Every structure is written in C-alpha cells, then in structure tokens.
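Novice: Shown below is the structure under consideration.
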Amino acid sequence: MTAASRSTTIPRRAFIQGAAGIGALTAIGQPVFAQTAEYTLKWANNIPATHPSTIRIREAADAIKKETNGKVDIQIFPNNQLGGDTDMLSQVRSGAIDIFPLSGLILQTLVPVAGINGLAFAFKDYPTVWAAMDGDLGAYVRAAIAKVNLYTFDKCLDNGYRNITTSTKPINAAADLKGFKIRVPVSPLWTSMFKDLGASPTGINFSEVYSALQTRVVDGQENPLAIIEIAKLYEVQKYCSLTRHMWDGQWILANGKRWNSLPPDIQAVINKHVTVAVEKQRDDIRRLDNTVEGELKAKGMIFNDPDPKSFRDTLSKAGFYQYWRTKFGEEAMSKLEKYSGKLA
C-alpha cells in the first residue's frame with residue numbers, strides 16, 4: 001500500500017452515502033464534467049456509482065482535468081449505462097467508448113490468454129495476486145491484448161476473490177453443485193469450471209443478474225463480497241459460501257487508435273493518475289473485504305466456509321486444469337505457475 005492510498009481512504013458508509021449525489025448526475029446518462037475540452041474521453045464501466053472503482057476513477061478524472069488545465073475531460077458512465085459487458089467491449093473496440101475496465105475472463109472471448117488469472121484456486125493470497133498481475137504474467141497478458149488494437153494500462157483493478165451465493169441451500173462441497181443452476185459471466189473459463197464442478201451454468205451479463213436471480217432463471221451466482229453487498233444481491237440470495245474459488249480483476253482498456261492519437265504528455269498525465277486511482281482502489285477493496293461479511297450477515301445472509309479440497313479434486317478429476325493448460329499453452333502456464341505453483 002502506498003503513502004497515497006493510506007492518506008486518502010474511503011469509509012464504507014461513504015460508498016452508500018455518495019450514491020444520491022452521484023446518481024443524480026449519472027442516472028440520466030449525463031457526464032460529470034461538461035466543460036469544453038481539447039480531449040474528451042468516455043470512460044464506461046459495469047460497476048455501481050458507489051463502488052470504489054467508480055469513486056477512485058472520478059477522483060483521477062478530476063486530477064487529470066486539473067493538471068491539464070482543462071484540456072482533458074474524462075466523462076464517467078458507471079453501472080452499465082452504455083450497455084452490458086459484451087456490448088461495451090464492442091464499443092471500446094469501435095471507438096464509441098474510449099476507456100473500459102473489463103474482467104480478463106470476459107475479455108477472454110477476444111483475447112484467449114486474458115482469462116488465465118481465473119484458473120480455479122490459482123492464487124493463495126493477495127501478495128501472490130499482485131506479484132503475478134503486476135509482474136511477468138500481467139506483462140504477458142497485456143502484450144496479447146495489444147495485438148487486438150487495445151491499449152492496456154499497467155495495473156488492473158481489484159475485483160476480489162469470488163464466492164458462491166444461493167437462494168436454496170449452502171454449498172459445502174462440490175457435490176452440492178450437481179445440477180445447480182448458477183449464473184456465470186459470459187466467459188468460456190467460467191462456464192467450463194462450473195460444468196466440471198457438476199453445475200448447470202448460464203452466461204448472463206452483470207446488468208441482468210439481479211432480475212435473473214429474482215425470477216429464478218438461476219438459483220445462484222458467484223461474485224466478490226463487495227459486489228454482493230453493493231449490488232444488493234442479498235435481497236434475492238440467502239446463503240453465501242466462502243469458496244474463494246478464483247480471483248478476478250479488471251484490465252483497464254482503451255481504444256488503441258484513440259489512445260495513440262493523444263500527445264505523449266497527455267498520455268503520461270492520464271497514466272499517472274489512473275495508477276494512483278488503482279492503488280487506492282485495491283486498498284479500498286481490501287478494507288471492504290474485512291467488514292462486508294458482517295454487513296451481509298446483518299442483512300440476513302447465512303455464511304459457511306467450505307473446505308476447498310473437494311472442489312479442487314473434482315476439477316482435477318474432470319480434466320479442468322489439463323484442458324486449460326492446452327488452451328493457454330505452456331508458455332502462458334509457466335508464467336502463471338511461477339507464482340501459483342504447479343496446477344494439477
């Protein structure tokens with residue numbers, strides 16, 4: 001954690017209290033900054049306005065505008081205002097959106113190796129995550145993304161370790177997932193993992209998750225605790241099983257043509273402030289994870305802490321790791337296993 005992240009922290013309550021003021025500006029799709037600028041950039045995401053990812057990027061946008069004397073105006077469109085994940089990925093590729101943070105596991109549909117961080121139980125803790133994603137593995141993935149004409153910022157946002165929630169029963173072992181209808185993001189690796197665990201996964205964009213749970217299109221889903229709380233999934237889910245089955249982050253992507261059209265000094269200012277924002281966001285998520293379980297329990301969710309062994313064993317027997325080793329290739333897997341250790 002940097003000195004900057006220690007000196008500027010966001011209390012959890014502020015995420016919620018900020019919603020009314022921010023929502024008034026964003027709910028109707030209007031940008032926060034409306035002044036004329038030399039460079040106007042659209043930044044869209046799938047995250048609620050009160051999530052640390054949105055709050056910290058708003059701070060970065062303000063700092064960038066100030067340092068460039070108003071030359072750069074980054075307009076923030078949170079909470080799927082400009083579409084679902086797959087729609088916004090198409091838009092950032094076409095240039096309709098300039099900057100868009102996206103999970104590597106969804107980006108995997110375009111850049112296959114981008115999903116490698118989502119291999120089940122690959123990262124034992126956060127020091128391992130950041131060593132890999134800020135190190136050789138992250139550099140390898142960014143190089144692959146560059147080949148599809150997208151610019152990738154050096155550091156990815158933290159989306160947290162993922163846990164399973166259900167409306168029907170706790171998940172104590174892999175056997176409890178047999179035939180279970182679970183929402184997963186639109187990603188080959190997510191679908192593969194839950195199929196190999198015996199579940200019945202359905203790919204649904206995050207913008208549609210709440211309604212899919214409410215109408216029982218699916219009976220469960222999986223997400224980090226902070227997302228479960230901020231998106232109010234506890235209203236339509238009763239149980240939360242702390243499987244921590246994968247870590248996920250979001251690469252910050254920019255349209256390559258648009259990024260390359262910016263002068264180097266402008267690129268440097270944007271890069272600097274985005275990096276600061278990411279470091280603060282990571283610290284925010286760490287602190288949220290320390291408190292949000294208690295908040296969710298107070299809202300009625302029932303927690304259990306399953307042993308991961310049955311999940312790992314089931315995946316190994318199903319050939320999950322071997323299949324994805326073949327898909328990602330030995331070079332990519334060696335980059336991952338430098339940090340994760342040998343995966344079965």
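Novice: Just one of (1) 21.8; (2) 16.2; (3) 18.4 is mean projected area of the Cα convex hull in nm² calculated from these coordinates, so which is it?
Specialist: (2)
Novice: Also, quick follow-up: Rounded to the nearest 0.05, what FRET efficiency do Glu235 and Lys195 have when you use their Cβ-Cβ distance and R0 = 35 Å?
Specialist: Efficiency, rounded to the nearest 0.05: 0.80.
Novice: Toward the positive end of the charge dipole of segment 138-226, about the Cα centre and with charges on Cβ (Lys, Arg +1; Asp, Glu -1), which of Thr168, Thr191, Gly220 goes farthest?
Specialist: Result: Thr191.
Novice: Let me ask something else. Between Thr109 and Ala146, what is the FRET efficiency for a Förster distance of 30 Å, r being their Cβ-Cβ separation, to the nearest 0.05?
Specialist: Efficiency, rounded to the nearest 0.05: 0.95.
Novice: OK, next. In nm, give the distance between the simple-model label positions of Lys342 and Glu38, each being 7 Å from the Cα along the Cα-to-Cβ direction.
Specialist: Each label point lies 7 Å from its Cα, and together they span 5.7 nm.
Novice: Now a separate question. Under 1.5 on a/c is rounded, so check that first for segment 203-254, then, if it is not, pick prolate when a/b is larger than b/c and oblate when it is not; a ≥ b ≥ c are the square roots of the alpha carbon gyration tensor eigenvalues.
Specialist: Note, shape of segment 203-254 comes out oblate.
Novice: Label segment 117-243 by shape, choosing from rounded, prolate and oblate, from the square roots a ≥ b ≥ c of the eigenvalues of the Cα gyration tensor; if a/c is under 1.5 it is rounded, and otherwise prolate applies when a/b is larger than b/c, oblate when it is not.
Specialist: prolate
Novice: Near the amide H of Phe123, under 5 Å away, which other amide H atoms are found, from residues 5 or more places off or on another chain, if H is placed in the peptide plane?
Specialist: Trp247
Novice: Decide, for segment 185-344, between rounded, prolate and oblate: order the square roots of the alpha carbon gyration tensor eigenvalues as a ≥ b ≥ c, take rounded if a/c falls under 1.5, and otherwise choose prolate if a/b is larger than b/c, else oblate.
Specialist: Verdict is oblate for segment 185-344.
Novice: Going toward the positive end of the dipole of the chain, with +1 on Lys and Arg Cβ and -1 on Asp and Glu Cβ, which of Leu107, Ile74, Leu262 do you reach last?
Specialist: Leu107
Novice: Now for a different question. What's the extension gain from Ser90 to Asp154 if we count 0.36 nm per residue and subtract their Cα-Cα distance?
Specialist: Roughly 20.9 nm would be gained on extension.
Novice: If I model a spin label at Tyr323 and Thr215 as a point 7 Å from the Cα along the Cα→Cβ vector, what separation in nanometres do I get?
Specialist: Each label point is offset 7 Å from its Cα along the Cβ direction, giving 2.9 nm.
Novice: Tell me, what is the percent relative contact order of the chain, built from C-alpha pairs under 8 Å that lie six or more residues apart?
Specialist: Across the chain, relative contact order equals 24 percent.
Novice: Continuing with the same structure: So between Asp136 and Lys297, what do we pick up on full extension, going 0.36 nm a residue minus the alpha carbon distance?
Specialist: Here the answer is 54.1 nm.
Novice: In nm, to one decimal, how far is the modelled label at Thr168 from the one at Asp125, with both set 7 Å along Cα→Cβ?
Specialist: 3.7
Novice: Under a Cβ-only charge scheme (Lys and Arg +1, Asp and Glu -1), can you give me the dipole magnitude of the chain about the Cα centre, in debye to the nearest 20?
Specialist: In debye, rounded to 20, the chain gives about 300.
Novice: Do any GluC sites (Glu not before Pro) in segment 29-131 lie in a loop, going by DSSP, with at most 10 other beta-carbon atoms within 10 Å of their beta carbon, and if so which?
Specialist: Nothing satisfies the criteria.
Novice: Please compute the length gained on full extension between Asn69 and Asn290, using 0.36 nm multiplied by the number of residues separating them and subtracting their Cα-Cα distance.
Specialist: Between Asn69 and Asn290, full extension yields 75.7 nm more.
Here, each number is a calculation from the coordinates, and none is a lab measurement. Bear in mind that the values here come from a model prediction, so they are computed numbers and not experimental data. Glycine gets a Cβ as well: all are built from the backbone with ideal geometry, and neighbour counts include every protein chain shown.
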